[in-house]
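Trainee: Below are the C-alpha cells for one structure; questions will follow.
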Amino acid sequence: MNQDKDEAAQEFMKEVADDLGYTPRGERDQRFRGADLRSGPGFLIPGGIGILLLIAVVLFFFTGRSEISKEDLTSIQVGLNVLEDKLARLDGLEERIARLEMEEKKLKQSVNKIAKRSFNNQKKRSPSQVKRRYHTVRSGESLYTIANKYGISTDKLCRLNKITPKKPIQPGQKLLVGQ
C-alpha cells in the first residue's frame, strides 16, 4: 500500500515538475540553454499555485511515512529553489515593465506637446513673416546655375523675379530665390 502511494506521489511530482518547467540535473545539460519562454508575468500565479500543490502533495504523501529519504528532500528542495528564483525574477520584471510603461507615457506626452507647439508656430506665421532669400549674381553665373544652386527650377526663378530666360542677367544684380 505504501509502495503504491510512493509511486503515485512520484508520478504526480514529475507531472507537477514538468508543468512548472523543472528539469532534473542530468537532463538540464541536454535542454536548450536560451531564455525560458515560459518565464513571464503570466506564469507567476500558476507558479505559486504549483508550489502550493507541491507542498500539499509532499505533506499528504509523506505524513504517513516514518522516514523520508535525503534524495527525495534534496530533489524537492532543488525544485523549490528553482521556483523561488523564477518568481523573484518575475517580480523584478513586473517592476521594470511598470517603470517602462510610465516612461513611455511621459515620452508620448512630451512628443504631443512638441507636436502641438510646432503646429501652433506654423499656424502663427503669416506670409509677410516668411523670410525672403536673395542671391547676388556674380560674373559667369547663369539662371540655370543659380536655380540649381538653390534647388529650384529655372522657370520658378524667372517667375519670382518677373524675368524671361532670354533676358540677360548682370553681375551685382539681386535675384529673389526663395520665399
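Trainee: Could you give the length gained on full extension between GLN10 and GLN170, defined as 0.36 nm per residue of separation minus the Cα-Cα distance, in nm? Walk me through the numbers before you get to the answer.
Mentor: Values: separation 160, 0.36 × 160 = 57.60 nm, distance 10.07 nm.
Result for the pair: 47.5 nm of gain on full extension.
Trainee: Taking 0.36 nm per residue of separation and subtracting the Cα-Cα distance, what length does fully extending LYS106 through LYS156 add?
Mentor: Details: separation 50, 0.36 × 50 = 18.00 nm, distance 4.50 nm.
Extending this stretch completely gives an extra 13.5 nm.
Trainee: Let me ask something additional. Starting from the Cα-Cα distance between ALA98 and ILE114, subtract it from 0.36 nm times their residue separation and give me the gain in nm to one decimal.
Mentor: Details: separation 16, 0.36 × 16 = 5.76 nm, distance 2.46 nm.
Full extension of this stretch gives 3.3 nm more.
Read-outs throughout are calculated quantities, based only on the coordinates presented, and are distinct from any laboratory measurement. For clarity, every value in this text was computed on a predicted model and none was experimentally measured.
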